[in-house]
Amino acid sequence: MLLRHTTSEVKEREGLTINPAKTCQPIGAMYAALGIHGCLPHSHGSQGCCSYHRSTLTRHYKEPVMAGTSSFTEGASVFGGQANLLQAIETIFSVYDPDIIAVHSTCLSETIGDDLQQITKKAKDDGKIPEGKYVIYASTPSFIGSHITGYANMVAGMAEQFTVSTGEKKDQVNIVAGWMEPSDMREIKRVAKELGVKIVLFPDTSDVLDAPQTGKHEFYPKGGVTIDELKSTGDSKSTLALGYVSAEPAAIALDKKCKVPFETIEMPIGLSATDRFIVALSKAGQVSVPAEITAERGRLVDVMADMEQYLYGKKVALFGDPDHLVPLTEFLLDLNMKPVHIISGTPGMKFEKRMQEILERAPYANFKNGLNADMFLLHQWIKNEPVDLLIGNTYGKYIARDEDIPFVRYGFPILDRVGHSYFPSVGYTGGLRLLEKILTALLDRQDRDALEEKFELVM
Amino acid sequence: MDTEHISLLKGREKQVYEKKQGGAEIDIACDTKSLSGSVSQRACVFCGSRVVLYPVADAIHIVHGPIGCAAYTWDIRGAVSSGPELHRLSFSTDLQEMDVIYGGEKKLYQSLIELIDQYQPNAAFIYSTCIVGLIGDDIDAVCKKVEQEKGIPVLPVHSEGFKGTKKDGYRAACSALMTLIGTGSTEGISKYSINILGEFNLAGEAWIIREYYEKMGIQVVATMTGDGRIDAIRRSHGVSLNVVQCSGSMTSLAKDMEETYGIPFIRVSYFGFEDMSKSLYDVAALFPDRPEIMEKAKEIVRDEIRKYYPEMQKFKSALTGKKAAIYVGGAFKTFSLIKALRTIGMSVVLAGSQTGNKDDYRRLKEMCDEGTVIVDDSNPVELSKFILEKEADLLIGGVKERPIAFKLGVGFCDHNHERKIPLAGFVGMYNFAKEVYESVMSPVWQFAPRKGGLL
């Protein structure tokens, strides 16, 4: 019982976070930057930050993750990190030769007051950025928000600093991907193709973090949104942001800069959210929904109906990131399940508001996000009201084991299983995969626990 | 970027050396900070402190800073405990913007009180992270105050990430341990006693080593820090000898203990038959008035090697002529790995570390064959380049290196935090040989393009 110290009595805590349900901004910025083709993410801070982020992403994806670091020293922390960053930019272009460097800050460089905009401008003025190459940046202080905030900030940085409006509209729709897996991004592109809508998806980590084995270490794998594509987003007809927290800021930035109108919808997880996505995309692309997509939907609904008797009334605890949790909660309600405990370390009014709207269908649910919304609290809630299923990232395994609860891994990070980067959980097909995982977890448990006379071939 | 046609990273020439007939003397510029902009595989001061103290299982470890540092070091190392498991939880003050402006001392104090009340630990370690060093929180004062109120040792670890390299983090951790040492009773400690230093009980390795020494009739007082306990550390100054592995992390503690308590120390390695045997003999030799200790050591070595020898020959015949690349944290480990790989017929074509010093690299050069490349603080481009050029069949490294090896189509063995089977001791050498054999000879390579897609 690793968590044997967890008590069921919930006390107000003033400072302490125990077993966090979030991590810090920079890793989100690094992940987002990997979704640009030929981009080297750069961590402007101590060496450890970069190392931790690369290790975590490597564990989650089982892929090489490349990123540079400013390698702060005591001197830099006294005199500012400008010299380090200028040197880093020069070194990176001359040795690693990326098309673009995406710099993010850290708690250290933010606290000493480094201004990334000013430093990157200086790099340009000093001729340290070769012709046709780019440096973009995002301010990502670790003491604000979470990894999701960092992702949102870097994606907004792409929109702000790259896009140009030539005045000539293109027949294409931008899709800003909220924090999702490479498999999900691949699926969004497939669905758009099926619908016949030309899209620019950014960022796009497919073919970057799910690269095939080739006998080579591709420093810049073939995937990622290209610079030309990113630039062209300023001329698109409209933007669809998938996620209020991780994607909308980029859509707003694009609208501000290039007057591209946008609509924000939830990430298409589960039936209802995917319905809204399909409607929004077909509207934006002025196409009708093809029979194949309708059939995909039909298959999902078919399984939901086939298996409804195994799902109703089952209590679920879930934790993770805002843009996943909102549509996932909605999906659970559509499945006639009961989401009773929901935790996210990520703060934010928009998230809270949206979740409360969804939870009007589930007035019994406990929901907390932001400070002290951690795995310890989730565990305490579960002790007070036990659940039939836990859904969340790998860190849920301690609670699942101690309380003997079926566990479906979903979210970031997943350090101990594969699949998330290869099989999508967005769209109708993704919904089917999520449903299959939920059912398998529940039915495996029923089989495991059944008395011999009740252990049935057909359940 | 095409890794086959890259040159060395500018400014890296002094950290890469190739052993050639009549070549230059080795003079690797190590102990330096990494070049800004390099894709370094290194970590920071905090990381160094955190890994050294992490396995102390009946203490709480609270990370004072924004959430990341605590999140990334939550249960990342399989340092197993035979009892309490407080070390596997993640505690953070989760500093916010307002705390950065107004200071985080109050929050730290409050967190410590809440934690100690909740978990009843035997001690608390408080790690300061980058911004704590900048905003000037007086964590020493907070620690002192809580120590007085709660009556347990509350130890500050000055591990601000930017204040040096990982090695400085080791030192900060050792100085926290040094504060504890000497505060417990040495009653019941025999003359024939040791501490095991620099063994972190990954996959239960410390238990294996401890058992060998105990079989020899030696009392093991404290393991630092594998399966570590505060009480054992507090009385560890009562031993006759410190036995130090993982030279980088714990030599400074051994030296401090020698200076303060007059305890001599020896450096050992538990990796490979040769070094493992030597670490038993070296300890036995220091207790000459009890010859049965040496007798027992010989018996253990004989029995253990007899047990694993036949299987090892099988691995050896399959692996003879295969080539290995090594890139690990400490250089001392590299020495043992070279010897161990030779035992199973493999040669080393690339040897490097993140934190080796000049002496380490000189010794490495002596041990290596002609043509071996020696690197300090390397990066993925360099590693890929040399693995391809030198046609390595195996890479030994850590978490960030594993997928690079697999993309290149060569086998891999984790010799870092993520080893899941014990690699120390005689059984560990067998496990290592088996893991290397299975990875290098895996059928997957029949289906995978190898070595730059040429094979």
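The values are calculated or read from the model by the stated rules, or taken from the named source; none is laboratory data. Just so it is clear, the model here is predicted, and its values are computed rather than measured. Note that we place each Cβ from the backbone using ideal geometry, even for glycine, and neighbour counts take in every protein chain shown. Protein only, heavy atoms only, side chains kept; ligands, DNA and RNA dropped before computing areas. Shrake-Rupley method; radii C 1.70, N 1.55, O 1.52, S 1.80 Å.
For this structure, a couple of remarks:
- Centroid-to-centroid separation of the stretch B:252-285 and the stretch A:390-456 [C-alpha atoms, Å]: 48
- Shielding of peptide A:17-28 by partners, expressed as the average count of other chain Cβ atoms within 10 Å per residue Cβ, is 6.
- Shielding by partners for peptide B:277-284, expressed as the average number of C-beta atoms from other protein chains within 10 Å of each residue's C-beta, is 0.
- Take every pair of alpha-carbon atoms less than 8 Å apart whose residues are at least six positions apart; their mean separation over the length of the stretch B:45-180 yields a relative contact order of 35 percent.
- Chain B: C-alpha gyration tensor shape, a/c 1.5 cut-off, then a/b vs b/c: oblate
- Remark on A:G223: its backbone amide H falls under 5 Å from those of A:V208, a criterion applied only to residues 5 or more positions apart or on other chains, H modelled at 1.01 Å from N.
- Checking every one of the trypsin sites (Lys or Arg not before Pro) in the stretch A:371-459 against DSSP loop status and a limit of 16 other Cβ atoms within 10 Å picks out A:R417.
- Distance from the stretch A:342-359 to the stretch B:402-455 (C-alpha centre basis), Å: 44
- The contact residues of the stretch B:389-405, meaning those that lose at least 30 Å² of 1.4 Å-probe accessible area when all protein chains sit together rather than their chain alone, are B:V399, B:K400, B:P403, B:I404.
- Annotation: amide H of A:G370 within the under-5 Å range of A:S344, A:G345, A:T346, sequence separation 5 or more or interchain, hydrogens built in the peptide plane.
- Probe 1.4 Å, protein heavy atoms only - accessible area per residue of the stretch A:219-296 in square angstrom: 36
- Distance violations [Cα-Cα > 29 Å] among A:K124/A:K222; A:K283/A:K368; B:K307/B:K333; A:K216/B:K278; B:K215/B:K333: A:K283/A:K368; A:K216/B:K278
- Accessible surface buried upon B-A contact (total; probe 1.4 Å; Å², nearest 100): 6600
- The stretch A:109-188 shape via C-alpha gyration tensor axes, a/c threshold 1.5: oblate
- Between A:F455 and A:D275, full extension at 0.36 nm per residue minus the direct alpha carbon distance yields a gain of 61.0 nm.
- Alpha carbon centroid spacing (whole Å) that separates the stretch B:95-125 from the stretch A:139-171: 35
- Note, ³J(HN,Hα) from phi for the stretch A:379-387, Karplus 6.51, -1.76, 1.60, rounded to Hz, x at Gly and Pro: 4, 4, 4, 5, 4, 6, 9, x, 10
- In this structure the amide hydrogen of B:T225, modeled in the peptide plane, comes within under 5 Å of the amide hydrogens of B:G198, B:E199, none closer than 5 places in sequence on its chain.
- Note on B:K20: lysines with a C-alpha under 21 Å away, same-chain residues under 8 apart excluded, are B:K322, B:K323, B:K339, B:K358, B:K365, B:K385, B:K390.
- A helix-only calculation puts chain A at -13000 deg cm²/dmol for mean residue ellipticity at 222 nm, using -39500 (n - 2.57) for each DSSP H run of at least four residues, averaged over all residues.
- Here the Karplus relation 6.51 cos²θ - 1.76 cosθ + 1.60, evaluated at θ = phi - 60°, turns the backbone of the stretch A:112-117 into coupling constants of 7, x, 5, 9, 5, 4 Hz, with x for every Gly and Pro.
- The alpha carbon gyration tensor of the stretch A:294-452 gives principal lengths a ≥ b ≥ c with a/c below 1.5, which makes the shape rounded.
- Projecting label points 7 angstrom from Cα along Cα→Cβ for A:K189 and B:E311 puts them 4.6 nm apart.
- Calculated SAXS-style log₁₀ I(q)/I(0) at q = 0.06, 0.09, 0.13 Å⁻¹ - chain A, Debye, Cα scatterers: -0.26, -0.60, -1.20
- Along chain A, longest interval not containing exposed GluC sites (Glu not before Pro), exposed being DSSP loop plus at most 15 other Cβ atoms within 10 Å: A:169-455
- Degrees, to the nearest 10: A:322-334 long Cα axis against longest axis of chain A: 20
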